[in-house]
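Down below is the structure, laid out as structure tokens.
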Amino acid sequence: MRSPRHLETFDRLQYLELVDGDTLNAADSPLRRPAALCAAAYVGSTRLIDNVILALPTP
């Protein structure tokens, strides 16, 4: 099975980390607090950085 096209467009993944949303330390599993998914990748010579905040569902 072939990967979706949007997953093939970067040249090199520098990092992909799940971290605690407040401290930026490595997140615990299972998540008990809001977290952030942080990524950096290269497309050609351009470095792209993105962070996504992940909130826990409210009970």
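Just so it is clear, none of the values below were taken in a lab; they were calculated from the coordinates. Given the structure is predicted, the values throughout are model-derived calculations rather than measurements.
How large is ³J(HN,Hα), in whole Hz, for each residue of segment 20-34 in order, when computed from phi with the Karplus curve 6.51 cos²θ - 1.76 cosθ + 1.60 and θ = phi - 60°, using x for Gly and Pro?
Along segment 20-34, the couplings run 4, x, 9, 9, 6, 7, 3, 6, 7, 10, x, 5, 10, 9, x Hz.
If every alpha-carbon in segment 5-52 counts as one equal scatterer, what log10 I(q)/I(0) does Debye give at q = 0.15, 0.24 1/Å?
-0.46, -0.82
Quick one: what are the phi-derived ³J(HN,Hα) couplings along segment 42-59, Karplus 6.51/-1.76/1.60 with θ = phi - 60°, whole Hz, x for glycine and proline?
Computed from phi, the couplings for segment 42-59 are 9, 10, x, 9, 8, 9, 9, 10, 8, 10, 10, 7, 10, 9, 6, x, 7, x Hz.
Amide H of GLY21: which non-local residues (sequence gap of 5 or more, or other chain) have their own amide H closer than 5 Å, using H built in the peptide plane?
ALA35, ALA36
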